[in-house]
Every structure is written in C-alpha cells, then in structure tokens.
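In what follows, a single structure is set out as structure tokens and then discussed.
The values are calculated or read from the model by the stated rules, or taken from the named source; none is laboratory data. Not measured: the values here are computed from a predicted model. In this analysis, Cβ positions are derived from the backbone assuming ideal geometry, glycine residues included, and neighbour counts consider all displayed protein chains. To get the accessible areas, we keep the full protein, side chains included, count just its heavy atoms, and leave off ligands, DNA and RNA. Shrake-Rupley method; radii C 1.70, N 1.55, O 1.52, S 1.80 Å.
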Amino acid sequence: MIRRGTDYIKSIKENPPVVYYEGEVVKDVTEHSAFKIPISTVAKYYDLHWDEKYKEYLRIYNLDVGEETSISFLRPKNKKDLGKLRDGLVKIYDYYRGFFGRSPDYLNLWTMVFYAHAEDYFGKQFGSKFMENAIEIYKEATKRDLFYTHAIVAPMYDRSRPPSQWEDPYIQVGIVEEKPEGVVVRGAAMICTAGPYAEMLWYLPNVRRDSDPRYAIYFSIPTNTKGVKFLSRRGFQPREGGEFEYPISSRFEESDAILVLDNVLIPWERIIFFKKPELIEDLMWHTVQLRGWFNWHFVIQHYSRLKFLAGLAIAIAEASGTSNFINVQEKIGEILIYVALNEAALYASVERAQELPNITRPDPYISISASHFNMKTVPRANEILRLISAGSSIPIPAGIKDFENPEERKLLDKYMAMKDLDALERVKTFNLLWDVIGSEAGMRYEQYDRFSRGDPTIRWAQTYTEVFKDRKHEFVKLVKDIIDQMPNPKA
C-alpha cells in the first residue's frame, strides 16, 4: 500500500510517541509548532507518490510483496533496477533541494537491504528465526508504508573509556534481561532525527567502541512502545508567517532528539541482530555492506543539495554584477566541479554495481568515497556562498511587512534593487541565502553534513584503512613494477 499524507498524519496523531519539549510531554505532535513543519513535509513525501509528475519515478510494482510500493522499497535485482532506484531517490531529493535527509525513503532502503540479506547474513549467522524477522519486518513496512527513523550513537558521556566501563554501563543501550517474550533494554542514543514524529524505529548497535555482548542488539519497534521517550531539541521553526524570511526552514526544518529506552521490552520477533558483536563488521563492510548503501543515499542527497547551492551562487553573482569577476567565477566553478563529480559517482556506482544473487548494490568504493568527500564539499559550498555574497547578505529588511508599508516600499524599491533584480526579488533571494548559510536551521544542516557519518578525519582515514583495504595492492603494484624494472648496481 502507498499511503497519502493524510494517512500518515492520522497515524502519528492516533499513535503518538512520548515526546518531551520544554519540560512538558507534547499532547499532539501534529499541532505543536516545533513539529508541524517536518510533519507537513513527511506528508508531502507520501503525496508525491500520487503526483502525476512523480508517480512514474516513485511507484513500482514490487514483486517481493506482490503489490505496488514506493520505489524506496525496491530490491534491485540488476543494474537497471538500481538505476531506477537512483533516479527515484534523486527526484525526491531534488524536490527537497537536498535537505530533509531523514525522509521515509532513507530507512526504507535499510529495511530492504536487511530483507535482501535475510538468508545469507541474518539466517546464516543468527538462525532461521532472525531470518524470518528480517523478512516479516520488510513485508510489514511495505504493506503499511511506515515512516521509520533510527538511532545509533551513544550519549557523549566519556569518550576516553568504552561504555561498559562507565559508572553506569546502561547509558548506552544495552540488554538488561532476557525473557520468554523478548529482551528488556535500557539506555539512550543520539541523534535521533525525526524521532518525535516517526512511527517506527530501527536501533543499530554501536559496538565498534565496545564489544561487550550486552550492546549487540539490533531491533525494530513502534515509537509509541512503552518506555520509549524522546527528549527533543529546541525547534528552529521560523516565527508565524515566516515563509518569506525563512523559505528553507519553513519547508525542511528537521527535529532531532535524544532517544531514551527506559526498560523497554523488545519482542523476539522484532530483533534481527543479537549478542554477536564480532559480526557487526560483516553487516557494515562485507556481506550486507550497509555502509556502502547509506553512503550512496548521502551522495544522492548532497548531489541535489550541491545543484541547489550552485544555482543560488550563480543567481547571486549574476544579479549583483559580479559574475564576470575571475575570483567569483573560480568559486562558482568549484561548486560546479563538486556537482559534476557527484553526478559521475552516482552513474558510475550503478555502472560498476556489484550484482549478487539476492541484490545488486552500488559500487562501495565509489559511493563511500564520494560521501566522505562531501563531508567537506557541502560545508565548503556554504563557505563559498558566504564569500561571494560578502556583506550584502546582512542588510536585509526584517520581513514581508516592510513591503506592505507604502512609504517604506518606495525606499526599498530604490535602494534594495540590484542590477538584474528588483527590490522584492533581491530580498527574496537573499532571505533564501541567509536561511542556507546563517539561520539556525541552516547551521544545523551544515553541522550535520560535517558529522552525520562520524568524524571526517576518521572517515577519510577509513577510506585508506578499510574502504580500499583489499585494493591497496593494486596501486602499490603500479609503483613496484617500475621499481622492479629499475637497474640494480653491479656487484
């Protein structure tokens, strides 16, 4: 079943998670000012599947469940299928302008990947029951078209010690007790983007930092499960009627929260990974290659974002008459290079896809490398926008009412116009610019882009130590062959 936006809103209204905001439990997240914007955007995601302009890209008859589903649930069986999945996701993120990364499609992709590896990973490593769980969770997600989010990272209590050595070892989510009906877990995780308005949750163990088996559990539960709580950050929504001043925040503000699991019972049928921390490497890097998949999705997001940022840079330069300045041209050219490289990565990742018996997946060398590259390119594109707009991004009238005062409007029309923009269009353009590079939502996105996949230093280092680990000899051989052909001194 493919839902409409009203179906999602009705669902989250009738089955709300426990959300704390400013000292109170939110009574209705669908009406709360901090969550109305992202809930509206999620609803629009579902409605895009019914829009004539998007239907052919976003809907597909899914042979795995015998009905039409979102393209984001498609298990690619060949390169053609993978190309369809890529094109559908690009359509979604072009609509978002590369923002709103915790859209339902993101975790739909994860659920599909787990389903594809139900037998060769979950069944092989954990047993038939866990294999059945991965299959049934996928079928449930597709038939109900549920909005999943996830949480991974342990609270930042003390990074100098593993969580099992903290004063309370259950700050990170861990297994407290095993029962016939399931497993009791306790702890917290951050950053749970979209938690306050998601219907379902994937919890993934962060066991690289601590291999204690108590932390090795991966499960799927409804967000309104007893004992699940979300401590939401302050909303960055604009003031009432702020669409004029904040055109991005008013559309694509995302909420983040700390996930708390307060002695939550996880039924056995909701668990797919259990008490084998040594198998997380196979999940992330090898058989399942989850890291390759979610980085591929990040490349799609940031490809759409970079196209948008390039357009904004060009619009500002041409309107202000600086597009002929060589230093401005160089900076815009830099963003366009990033766009081209991301586009190449997306097409190459499909052309060089790994065709397995159960799934065809994007080339991990390309997708992971491109995603790691974008941890620096997207913030750099924001910096370029700051540089080419310079001080002109600051003296902008307070709001739309300035244009509704006839006396003030005359002054604005005369003094706020640019070479190729009248005053109103100039202010709209620079409001858009400021929302990207200077507003709370804009700065949150930039911080998230830098660190959402971890520390950029570690990720770039992993490109050497892990991503290309099995291919390093290829490159060394190119050097060694020349060295071997060089003459040695005579004895």
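Placing a label point 7 Å from the Cα of Lys226 along the Cα-to-Cβ direction, the residues of region 168-207 whose backbone N falls under 18 Å from that point are 176-187. Using the average count of surrounding beta-carbon atoms within 10 Å as a protection proxy, the listed peptides 43-55, 136-148, 392-404 rank, highest first, as 136-148, 43-55, 392-404.
For Tyr54, no residue has an amide H sitting under 5 Å from its own, ignoring neighbours fewer than 5 places away on the same chain, with H placed 1.01 Å from N. Between Lys275 and Ala216, Ile217, the built amide H atoms are under 5 Å apart, and every one of these is 5 or more places off in sequence or on another chain.
Karplus-derived 3J(HN,Hα) values for region 142-154, using 6.51 cos²θ - 1.76 cosθ + 1.60 with θ = phi - 60°, are 6, 6, 9, 6, 7, 9, 9, 10, 8, 9, 9, 7, 5 Hz; glycine and proline are entered as x.
Reducing region 9-49 and region 232-252 to their Cα centroids gives an inter-centroid distance of 15 Å. For region 165-181 and region 317-347, write down the distance between their C-alpha centroids in whole Å. Each part's Cα centre sits 50 Å from the other's. Considering only Leu259, Val350, Gln447, and ranking their Cα positions along the charge dipole of the chain that arises from unit charges at the beta-carbon of Lys, Arg, Asp and Glu, the one farthest toward the positive end is Val350.
Measuring nothing but protein heavy atoms, the accessible surface of region 3-282 at 1.4 Å probe radius is 49 percent carbon and sulfur.
Note on Ile482: accessible area approximately 100 square angstrom, rounded to 10, probe 1.4 Å, nucleic acids and ligands left out. What residues from region 128-168 fall in the zone where the backbone N is under 17 Å from a label point 7 Å along the Cα-to-C-beta line of Ala461? Answer for this model: 159-162.
Note on region 274-317: semi-axes of the ellipsoid equivalent to its C-alpha gyration tensor, largest first and rounded to whole Å, are 38, 8, 6.
Here each label is just a point 7 Å from Cα along the line to Cβ, and for Glu240 and His473 those points are 6.9 nm apart. Dividing the summed -39500 (n - 2.57) terms of all DSSP H runs of n ≥ 4 by the residue count of the chain sets its mean residue ellipticity at 222 nm at -14500 deg cm²/dmol. Roughly to the nearest percent, how much of the accessible area of region 288-476 is carbon and sulfur, given a 1.4 Å probe? Solvent-exposed carbon and sulfur of region 288-476 make up 58 percent of the total.
Classify region 299-338 as rounded, prolate or oblate, taking a ≥ b ≥ c as the square roots of the eigenvalues of its Cα gyration tensor: rounded when a/c is under 1.5, otherwise prolate if a/b is larger than b/c and oblate if not. Because a/c hits 1.5 or more and a/b fails to exceed b/c, region 299-338 counts as oblate.
Accessible surface calculations at 1.4 Å, restricted to protein heavy atoms, place the chain at 44 Å² per residue. Across region 28-35, rounded Karplus estimates of 3J(HN,Hα) from the backbone phi angles (6.51 cos²θ - 1.76 cosθ + 1.60, θ = phi - 60°) give 8, 5, 5, 10, 7, 4, 6, 10 Hz, Gly and Pro being marked x.
Computed over the alpha-carbon atoms, the chain gives an Rg to Rh ratio of 1.00, Rh here being the Kirkwood radius from the mean inverse distance.
The amide H of Trp202, built 1.01 Å from its N in the peptide plane, has Thr149, His150, Ala151 as neighbours under 5 Å, considering only residues 5 or more places off or on other chains.
Beta bridges from DSSP with both residues in the chain: antiparallel share about 80 percent, rounded to the nearest 5. Normalised radius of gyration (Cα atoms, divided by 2.2 N^0.38 Å) for region 3-282: 1.01. Among the lysines, select those whose C-alpha is under 18 Å from the C-alpha of Lys414, and discard any that sit fewer than 8 residues away in the same chain. Result set, ordered by chain and number: Lys401, Lys428.
Both radii were evaluated on the Cα set of region 288-476; the Rg over Rh quotient, with Rh as the Kirkwood radius, amounts to 1.11. Filter the cross-link list Lys84/Lys275; Lys376/Lys469; Lys80/Lys275 down to pairs whose alpha-carbon distance in this structure exceeds 28 Å. Cα-Cα > 28 Å for Lys84/Lys275; Lys80/Lys275; rest within.
As a quick test, which of the pairs Lys10/Lys79; Lys129/Lys226; Lys91/Lys124; Lys55/Lys143; Lys129/Lys229 have an alpha carbon distance above 26 angstrom in this structure? Listed pairs above 26 Å: Lys10/Lys79; Lys91/Lys124; Lys129/Lys229.
Here the contact order of the chain, divided by its residue count and restricted to Cα pairs under 8 Å and six or more residues apart, works out to 16 percent.
With R₀ fixed at 25 Å, the C-beta to C-beta distance from Ser40 to Asp87 puts the FRET efficiency at about 0.45. What FRET efficiency would be calculated for the residue pair Lys80, Glu425, taking the C-beta separation as r and a Förster radius of 51 Å, to the nearest 0.05? Taking R0 as 51 Å, the efficiency between Lys80 and Glu425 is 0.75.
Quick one: if the Förster radius is 45 Å, what FRET efficiency do Lys124 and Arg4 give, using the C-beta to C-beta distance and rounding to 0.05? Computed FRET efficiency for Lys124 and Arg4: 0.70. When nucleic acids and ligands are ignored and a 1.4 Å probe is applied, Lys80 ends up with an accessible area of around 150 Å².
So if I average 1/r over every pair of distinct C-alpha atoms in region 295-386 and take the inverse, what Kirkwood radius in Å does that give? The Cα-based Kirkwood calculation yields 14.0 Å.
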